[in-house]
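Reading through the structure tokens given below for one structure.
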Amino acid sequence: MAPKTNPGRFFEDYAVGQTIHHAVPRTVKMGERAVYHMLYPARHALYSSDQFAQGCGLPFSPLDDMIAFHIVFGKTVPDVSLNAVANLGYAEGRWITPVWPGDTLRSVSDVIGIKENSNGKTGVVWVRTTGLNQHDETVLEYVRWVMVRKRDAAAPAPETLIPDLAQVIPADRLVIPKRLDFSGYDFTLAGEPHRWADYEIGEQIDHVDGVTVEDAEHMMATRLWQNTAKVHFDTTARPDGSRLIYGGHVISMARALSFNGLANAQMVVGLNGGAHANPCLAGDTIRAWSEVLDKAETDAPGVGALRLRLVATKGGEAFTLKGEDGKYLSHVLLDLDYWALVPL
């Protein structure tokens, strides 16, 4: 009798050109926002207030951009990273269509790259994931690569194909939500007076605050996003018996902490690149700092874009990132390069 359970894909189960339609679409409502704001100190006004969003030209407040990311990501886990050692990085991410309460999201992934590691026990798989709503409109798209265990170390290595990915999404390829208008932006309600012109390329911002993460909240978050990766739940899945904090949990925590200094970076619309530099474990205190990498104007009234580097750490000095050998310092958890929309 054929087995009924799914052990997840291992490295040798992937091949370039595969398309994976991920199971279990999910309808999202205001409950997702309430729990998200409970898990993270998220305070950006556009995602907190219908009145503020309407003052920015939108019909009401959409769901947080990271809620869309987590849900689309979570759908892919049983097929892409259930047997992962670690999620390694991101590229070419774009938020295309806002997610509104009542939308139903599903995910589709294409395998675009594969490479066996030299140890012969694991390999890296690259996938391009698209999140779609109930109208088959693209909500979000991004590339990620993940290290996956082999089922059989003796299985032959596949032909290596490493995809050629853009280092930066050009500003003219960023998608601005329809009717978004910051020309009447309320800086008082947003929380800070700083506008696009106040930020300079090369400027660094210490976001000051810190949050200590614990297993309980992390496991609540991964359950919320239906992320079933074993390393986040099962203490026998890692040699040291610890649970690895979901990298997206670190992203959301750092994004929320960045409010102090970037309160007007209202919407994330592009993900140029990202790396989970070191593992995050329960008891680590996450802090964050940002660097302004670039600036661009947009065609939307009153709307500018900032390209920002967001770094999450577990200690160490702010504004330190890599050592002389070019490797990330041990206290760096996350290095994320993204575009955000701010008022001119």
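All of the numbers you see were taken from the coordinates with simple rules; none came from a lab. These numbers were taken from a predicted model, which means no experiment stands behind them. We place every Cβ from the backbone using ideal geometry, glycine too, and count neighbours over all the protein chains shown.
Amide H to amide H distances under 5 Å link LEU105 with ARG26, THR27, VAL28, where only residues 5 or more positions off or on other chains count and H is placed in the peptide plane. THR5 to ALA166: FRET efficiency via 1/(1 + (r/R0)^6), r the Cβ-Cβ distance, R0 45 Å, to the nearest 0.05? After rounding, the FRET efficiency stands at 0.70. Here the relative contact order of region 185-338, from alpha carbon pairs under 8 Å that lie six or more residues apart, stands at 29 percent. Shown here for region 103-163: trypsin sites (Lys or Arg not before Pro) in loop regions (DSSP other than H, G, I, E, B) with at most 15 other Cβ atoms within 10 Å, namely LYS121, ARG151. In the chain, the calculated helix contribution to ellipticity at 222 nm averages -5000 deg cm²/dmol per residue, counting -39,500 (n - 2.57) for every DSSP H run with n ≥ 4.
For LYS295, a cut-off of 22 angstrom between C-alpha atoms picks up these lysines, skipping any fewer than 8 places away in its own chain: LYS178.
Test of understanding: in a Gaussian network model of the chain with alpha carbons linked when under 10 Å, which of SER61, SER290, SER118 would top the mean-square fluctuation ranking? Looking only at SER61, SER290, SER118, the biggest GNM fluctuation is shown by SER118.
Grab the other residues whose beta carbon is less than 10 angstrom from that of GLY123, score K and R as +1, D and E as -1, and report the net.
In short, +2.
Taking only the alpha carbons of region 73-178, we obtain Rg and Dmax values of 15.9, 53 Å in that order. Taking every C-alpha pair closer than 8 Å and separated by at least 6 residues, the mean separation divided by the residue count of region 85-186 gives a relative contact order of 35 percent. When restricted to Cα atoms, region 151-214 yields an Rg and a Dmax of 22.2, 63 Å, respectively.
With θ taken as phi - 60° and the Karplus curve 6.51 cos²θ - 1.76 cosθ + 1.60 applied, the whole-hertz 3J(HN,Hα) list for region 278-283 is 9, x, 10, 10, 4, x Hz, x standing for glycine and proline. The modelled label-to-label distance for the pair TRP100/THR320, using points 7 Å beyond Cα in the direction of Cβ, is 4.9 nm. Pull up the cross-link candidates among the lysines for LYS150, meaning alpha carbon to alpha carbon under 16 Å and not fewer than 8 places away within one chain. Once the sequence-local lysines are set aside, what remains near LYS150 is LYS115, LYS121, LYS230.
Only one residue of GLN226, TYR199, SER252 has its Cα farthest out toward the positive end of the dipole of region 194-252, where Lys and Arg carry +1 and Asp and Glu -1 on Cβ, and that residue is GLN226.
Tell me which GluC sites (Glu not before Pro) from region 274-344 have a DSSP coil assignment and no more than 11 other beta carbons within 10 Å of their own.
For GluC sites (Glu not before Pro) across region 274-344 that sit outside H, G, I, E and B with at most 11 neighbouring Cβ atoms in 10 Å, the list reads GLU317, GLU324.
Annotation: extensible slack from ARG179 through ASP209 equals 7.4 nm (criterion: 0.36 nm per residue apart, minus Cα-Cα distance).
Between amide H atoms placed 1.01 Å from N, distances below 5 Å from MET267 occur with LEU341, all of them 5 or more places distant or on a separate chain. Using a Förster distance of 22 angstrom, determine the FRET efficiency expected from the C-beta separation of HIS21 and THR228, and round it to 0.05. Computed FRET efficiency for HIS21 and THR228: 0.80.
For the chain, the spread of Cα coordinates along the three principal axes comes to 64, 49, 38 Å, biggest extent given first. Sequentially through region 303-308, phi angles give Karplus couplings (6.51, -1.76, 1.60; θ = phi - 60°) of 10, x, 10, 10, 8, 10 Hz, Gly and Pro residues having no value and appearing as x.
Think of each Lys and Arg Cβ as +1 and each Asp and Glu Cβ as -1; about the Cα centre, that makes the dipole of the chain roughly 1060 debye.
Across region 144-165, the residues whose backbone nitrogen lies under 15 Å from the label position 7 Å along the beta-carbon direction of ASP110 are 144, 163-165. Restricting region 52-147 to GluC sites (Glu not before Pro) that sit in a DSSP loop and have at most 12 other Cβ atoms within 10 Å of their own Cβ leaves GLU137.
Before anything else, pin down the relative contact order of the chain: Cα pairs under 8 Å, at least 6 apart, normalised by residue count, whole percent.
20
Note down the nm distance, to one decimal, between modelled labels 7 Å out along Cα→Cβ at LEU344 and at SER330. Computed distance between label sites LEU344 and SER330 equals 4.9 nm.
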